[in-house]
Amino acid sequence: MSVRTRFAPSPTGYLHIGGVRTALYAWLHARQQGGGFVLRIEDTDVERSTPEATTAILEGMAWLGLDWDEGPFYQMRRMDRYREVLAQMLATGTAYHCYCSREEVDAMREDQRRRGEKPRYDGRCRQRTAPREGISPVIRFRSPDCGETVVEDLIHGTVRFQNSELDDLIIARSDGTPTYNFCVVVDDWDMAITHVIRGDDHLNNTPRQMQILQALGARVPVYAHVPMILGPDKQKLSKRHGAVSVLEYREQGFLPDALLNFLARLGWSHGDQEIFTREDMVELFRIEAVNKAASAFNPEKLLWINAQHMQRLMPEGLAQHLLPYLNAVGVTESLVAAGPALPEVVALLQERSKTLVEMAAAAEMFYVAPGAGAPKDVEKHLHGQGALLAAVIQALTALPNWEAAAIHSVIQELAVTHADGKMGKVAQPLRVAVAGRAVSPPIDATLALLGKEETLARLRRAITWI
Ligand code: GLU
C-alpha cells in the first residue's frame with residue numbers, strides 16, 4: 001500500500017512556522033516514500049475560519065514548494081459524506097442518539113465528582129429506543145468500555161490510553177453538524193491516509209479517532225505526533241519570536257529552501273550536517289528520527305542557514321530569487337536589463353548578504369544612480385573632495401582596460417599622490433560618489449561591474465554636488 005500523508009490546517013489564523021514544519025515533515029515523508037501528499041482545509045469552525053487565511057495557506061505552501069498531489073479538499077464541502085457515515089453508524093449501532101439535555105449531563109457530572117469519580121458521560125442513552133419529545137438529539141459514538149487503545153507513535157513511542165477514561169464522544173451536534181474529530185476520521189479514511197503526521201497537541205484525540213476508525217472497519221493509519229516549536233526563551237512561540245504568517249519570512253528575504261532546511265533541523269538531525277538542499281532532505285529525512293522534545297526557535301540560526309543557502313546557489317538561480325526584491329525597491333525589470341548582468345552583481349554580493357532584502361538593497365546602486373537627493377552622508381563624505389574626484393576622473397578616463405585589478409592600481413597610485421598612501425581616503429569618497437552610500441562591496445570590483453561610462457558619468461555628476 002503506497003504511503004499517503006496529509007496536511008490538514010484549520011484556516012483560523014496564520015500559517016505559521018509550527019504548521020509549516022508539520023507540513024514539511026508530512027511532505028518529506030510522502031516524497032521520500034514515493035507516495036502521495038494531500039492538502040485538506042479543516043474549515044468547519046465557521047466562526048473563526050476566513051477565506052484570507054485559506055488563501056495565505058495556499059500561497060505559503062506554493063511559495064515553499066510544498067506541492068500537493070490531491071486537494072485542497074474543504075471539509076465544509078464534504079458535509080453530505082459525513083452525514084452519510086453518521087447514518088451508517090446509527091444503523092449499525094456504533095453510534096446512537098442521545099437525548100440528554102445539558103442540565104442532565106451537568107447533573108450527572110456533578111454527581112460523579114461528588115463521588116470522587118472522573119466526570120464522564122455514562123452512556124445512559126445507549127439503550128434508548130424511543131425519541132424524547134421536543135428534543136433534537138446529538139449523536140454519540142459508542143466507545144469500548146474496557147481495555148486500552150494503544151498508539152504506536154513514530155515519534156512518541158507507545159502511548160496507552162485506558163478506554164474506561166474515554167466516554168462516548170459526541171460526533172454530531174443537535175443541529176446535525178458533525179464534530180471535529182469525526183470529520184478528521186472520515187477524511188483520513190476516505191483519503192486513504194496511511195501516515196497521520198500532525199502536531200502533538202492532537203495526541204489526545206488519537207485514541208478516539210482510532211476507535212471510530214475501528215468501528216467503521218477502516219484501516220488505522222500510523223501516527224507521528226510532531227512536538228511544538230518554542231520561542232528562544234523556551235516559552236510558547238509568540239509573534240515576536242516568529243509565530244507570524246510564513247509569508248512574512250518571504251517579505252524578510254528568506255529563501256524557501258533555507259526556511260525549510262531550518263525547520264527540518266528544528267527537531268531532526270542527520271549526523272552533524274546543518275545545510276540540506278531540498279533533495280538532501282527528501283533523501284535523508286526520517287520521521288522516526290524526529291525528537292520528541294519541543295525545540296526552541298533560534299532566529300540567528302535561521303539567518304545563518306539562509307546566508308549559507310544564498311552562498312551555495314548558482315548566481316543565475318539566486319538572481320531569479322532576487323528579482324522580486326529588486327522590483328520592491330524600485331529596480332524594475334527594464335532597469336535591470338539596462339545595467340550590469342544581474343548574475344555578476346549577485347556573485348559580487350553573494351558572500352555579503354544574509355537575506356534577499358539585504359542583497360536587493362546592496363544591488364540597487366548598480367541599476368539606479370544616486371540622485372541629487374542622495375543620502376545625507378554624501379555631502380559629509382564629499383566635502384572638500386572636488387580636486388580628488390577630478391583626479392580620479394582623469395586617471396580612470398585614461399585607463400585602457402576596465403578591470404578590477406587595473407582600477408585597484410589607479411586607486412593605489414592616487415592614494416600615494418593625494419592621500420599619504422591611505423587607500424581608504426580615496427576609496428571612500430569614490431564609493432560615496434558612485435554608490436551614494438558609504439558601504440559597498442570592494443570598490444574596484446564594484447566599478448568594474450558598473451562599467452567605465454556609467455562610473456565616469458556618476459563621478460562627473462557627484463562633482464556638481466560638492
Ligand atoms: N486542523 C488541525 C490543526 O490545524 C489538524 C488536525 C490533524 O492534522 O488531524 O491543528
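Summary of computed values
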item	result
Hz values of 3J(HN,Hα) by residue in region 280-297 - Karplus curve (6.51, -1.76, 1.60), Gly and Pro given as x	4, 4, 4, 6, 9, 5, 9, 4, 5, 8, 6, 5, 8, 7, 5, 10, 9, 6
Contact order relative to length of region 231-287, as percent, for alpha carbon pairs under 8 angstrom and 6 or more apart	24 percent
Violating pairs (Cα-Cα greater than 18 angstrom) within the set K234/K301; K234/K292; K380/K425; K354/K380; K239/K354	K354/K380; K239/K354
Any cysteine of the chain lacking a neighbouring Cys Cβ under 4.7 Å - listed by number	C100, C146, C183
Amide H partners (placed H, <5 Å) of V196, local residues excluded	V222, Y223, A224
For region 38-93, the fraction of alpha-carbon pairs in successive 5 Å shells from zero, as %	4, 16, 20, 19, 15, 11, 7, 5, 2, 0
Solvent-accessible surface (1.4 angstrom probe) belonging to Y180, in square angstrom, nearest 10	70 Å²
Solvent-accessible surface (1.4 angstrom probe) belonging to W189, in square angstrom, nearest 10	80 Å²
Rounded to 10°, Cα long-axis angle of helix 180-190 versus longest principal axis of the chain	80 degrees
Computed accessible area, T355, all protein chains, 1.4 angstrom probe, square angstrom	10 Å²
Backbone HN-Hα couplings from phi across region 42-51 [Karplus 6.51/-1.76/1.60, Hz, Gly and Pro as x]	8, 9, 6, 7, 4, 5, 9, 7, 10, x
Within the chain: Cβ-based charge dipole about Cα centre, in debye rounded to nearest 20 (Lys, Arg +1; Asp, Glu -1)	740 debye
Relative contact order [Cα under 8 Å, 6+ residues apart], the chain, whole percent	12 percent
Percent antiparallel among DSSP beta bridges (both partners in region 125-275, rounded to 5)	65 percent
Rounded tilt (10° steps) of 206-215 against the dominant C-alpha axis of the chain	50 degrees
Kirkwood-based shape ratio for region 129-223, expressed as Rg/Rh from alpha carbons	1.01
Between 0 and 90°, nearest 10: helix 102-114 axis offset from the chain longest Cα axis	90 degrees
Accessible area, probe 1.4 Å, largest first, for residues C98, C146	C146, C98
The chain - accessible surface per residue (Å², probe 1.4 Å)	47 Å²
Dipole-positive endmost among V222, A341, Y180 within the chain (Cβ charges, Cα centre)	Y180
Intensity falloff of the chain expressed as log10 I(q)/I(0), Debye formula with alpha-carbon point scatterers, at q = 0.14 Å⁻¹	-1.26
Carbon and sulfur %, accessible surface of region 55-190 computed with the full protein complex present, 1.4 Å	49 percent
Globularity index of region 35-152, i.e. its alpha-carbon radius of gyration over 2.2 N^0.38 Å	1.50
Residue-span extension gain [K380 to Q127] - 0.36 nm each, minus C-alpha spacing	82.1 nm
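The values are calculated or read from the model by the stated rules, or taken from the named source; none is laboratory data. The model shown is predicted, which means the values in this text are computed figures rather than measured ones. With ideal geometry, Cβ positions are generated from the backbone for all residues, glycine too; neighbour counts draw on all protein chains shown. The accessibility values were calculated without ligands, DNA or RNA, using every heavy atom of the protein model including side chains. Shrake-Rupley method; radii C 1.70, N 1.55, O 1.52, S 1.80 Å.
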